[in-house]
Every structure is written in structure tokens, then in C-alpha cells.
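Colleague: This is the structure I want to talk about, given as C-alpha cells.
The values are calculated or read from the model by the stated rules, or taken from the named source; none is laboratory data. Given the structure is predicted, the values throughout are model-derived calculations rather than measurements. Note: ideal-geometry Cβ built from the backbone for every residue, glycine included; neighbour counts use all protein chains shown. Heads up: the accessible areas ignore ligands, DNA and RNA and are worked out on the full protein's heavy atoms, side chains in. Shrake-Rupley method; radii C 1.70, N 1.55, O 1.52, S 1.80 Å.
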Amino acid sequence: MLIEPIISVNNLNKYFFSPDKSLKIDAVKNVTVDIFQGEVVVVIGPSGAGKSTFLRCLNGLEDFDSGTIVIDKIPLDHHHKNRLEIRKEVGMVFQSFNLFPHMTVGKNISLAVRRVRKKSVSECDKITVDLLEKVGITDKIDSYPGQLSGGQQQRVAIARALAMNPKVMLFDEATSALDPEMISEVLDVMKNLAKDGMTMVVVTHEMGFAREAGSRILFMDNGEIVEDRKVEDFFLDPIEDRSKAFLSKVL
């Protein structure tokens, strides 16, 4: 039986213009890729390679100029209903935590579940407690974001995204704003999600995470996917010169 990808991207292009419109910049160029349920696809590459723009296109946060994106059989197009459906099914964790500072941790997590998923208060409370246990900070349910460390705030952000019970999780350099001692606590949560079978697309500079938790590597440079390979094959025997040059600097 043919297994359909949960994310299918075909010939995706996204470009920007310089302020005076004299220069066109291809942020994402002719990207075609299929991602299957349960895969942990790690997107790596040099700064400015188009990694974050590609990820933002997947969630409809960035409009693209041509090509197609289909997520769980729903096309990401100009139809507002389709975009809303996709955002229900795709969780995203950003470099900045984007928590509501005036709400407790518990309310940050339960807000969307109550308003979008229409869950009852008791259901929301259970989901919140279960997820805080999953990310290891059950004692912070009544705290405010400003009372938490960066690592704790990012774990709350992950719990908030998971509360919607998404089919796909996107991580856009989720650890790059953290102090070094806080990075591991967030990566541990992400590794556990990978072990649980969550479909994940992760933009990161953490090569240790890529090797340990990833199933595939997308190496991007100049807006293009230069290599799309299994993790062990990419790190042991990269094919392209651009990949080899990148790995020589980060490993």
C-alpha cells in the first residue's frame, strides 16, 4: 500500500526584494520534499540559507510566491479555512518564546485548547497538567513567564504547542536564544517527542541533536536543498562540496 506523506512540498519558491526593489533575493528556491509521519527531519545549513523561511512557509506564516504545500491532504493556499485547519494541526515553537506575560503558565497552555478545540475547563486542566509533567515543570503551573528561566519558558512554549494535539511539530531554532546550560533541558524534551513518534521538522544548529534524534537531514544553502539524506549517511559521507565545507566548520 502506498504511504502518503503528511507534508508534501513541490517546487516551492519564496523571494524578497531589497528596499529599493533593485535586488531580488531567492530565500527558498525550487524546494521539493516529502515528509512522512513519524519522521524527524532536521534542517541544517549556514546562516541565510533559507531554513527559517522554509519552515515559516510550511505553517502559512510566510506567503510563498510559487509552488505547492500540502499538509495532511490539505493544500496550503489562499483559502482562509484551509490555513486555519493547517494551523490547528501544525504546532510551532519559535526562537523567542512568545508567551503571554500577563497569563500564568497554566493559562498560556490552556487558552487555545479552550477557544479553538472547545474543550471544557476540566479537560483543559488535565491536558495542562499532563503536558507540564511531560516537559518536567509541573510546579510552575501558577507561575508567570517572567518568573521562569529561558529554558523553562521554552518548555512551556512546547507544551502550549502540544496542547492542540498537533500532527506535526515545527521547531525554528528553539534553543538558539538560550544560555548553554539551558539548551540540554529543551533538547531532552524534543528528543522524548521524537521517541514518542511525533512528526517533527527542526531547524537547528545543534548537530548532536541532529545525529541522535533525527531520521533525515535536509541540508540547505542559498535557498536550495543541497542534500536530503538519512542522518548517518549525511554525517559519515556527505556528497556535495557545500555539505562537506559546512560540516568541516561545525563538527
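Colleague: Taking amide H positions as placed 1.01 Å from N in the peptide plane, with prolines and chain starts having none, which residues 5 or more places from Glu227, or on another chain, fall under 5 Å of its amide H?
Modeller: Phe219
Colleague: For the chain, report the accessible area per residue in Å² (1.4 Å probe, heavy atoms, rounded to an integer).
Modeller: So the chain comes to 50 Å² accessible per residue, rounded to a whole number.
Colleague: I need the Kirkwood Rh of the chain: take the reciprocal of the average 1/r across all distinct C-alpha pairs and report it in angstrom.
Modeller: One decimal place: 18.9 Å for the Kirkwood radius.
Colleague: In terms of Cα to Cα distance under 18 Å, which lysines are near enough to Lys134, apart from those fewer than 8 places away along the same chain?
Modeller: The qualifying lysines are Lys107, Lys126, Lys167, Lys191, Lys195.
Colleague: May I ask you to work out the translational diffusion coefficient for the range 76-133 at 4 °C, viscosity 1.567 mPa s, via Stokes-Einstein with Rh from the Kirkwood sum over Cα pairs, reported in whole µm²/s?
Modeller: This corresponds to a translational diffusion coefficient of 100 µm²/s.
Colleague: In the chain, which helices (entire DSSP H runs) extend 20 Å or more along their own long axis, judged by Cα positions, while averaging at least -0.5 on the Kyte-Doolittle scale?
Modeller: 121-135, 180-195
Colleague: Using packing as a proxy for protection, rank 42-55, 97-110, 21-34 so that the peptide with the highest average count of other Cβ atoms within 10 Å comes first. Please report the intermediate quantities before stating the final value.
Modeller: On the way: 42-55: 21.6, 97-110: 18.4, 21-34: 14.9.
My ranking of the peptides, most packed first, is 42-55, 97-110, 21-34.
Colleague: Return a single number: how many Lys pairs in the range 13-87, at a sequence separation of 8 or more or on separate chains, have alpha-carbon atoms below 14 angstrom apart. Before the final figure, lay out the partial values.
Modeller: Working: Lys14/Lys24; Lys14/Lys29; Lys14/Lys51; Lys29/Lys51; Lys73/Lys81.
Lysine pairs satisfying the spacing and distance rule in the range 13-87 number 5.
Colleague: With Kirkwood's inverse mean 1/r over C-alpha pairs for Rh, give me the Rg to Rh ratio of the range 57-197, two decimals please.
Modeller: Numbers: Rg = 15.5 Å, Rh = 15.8 Å.
On the Cα set of the range 57-197, Rg over Rh gives 0.98.
Colleague: Would you work out what percent of the accessible area of the range 40-146, with all protein chains in place, is carbon or sulfur (probe 1.4 Å)?
Modeller: After summing per-atom areas, the C and S share lands at 52 percent.
Colleague: May I pose another question? Run the paramagnetic zone check for Phe17: 7 angstrom along Cα to Cβ, then residues of the range 51-77 with backbone nitrogen under 18 Å.
Modeller: Counting only backbone N, you get 63-66.
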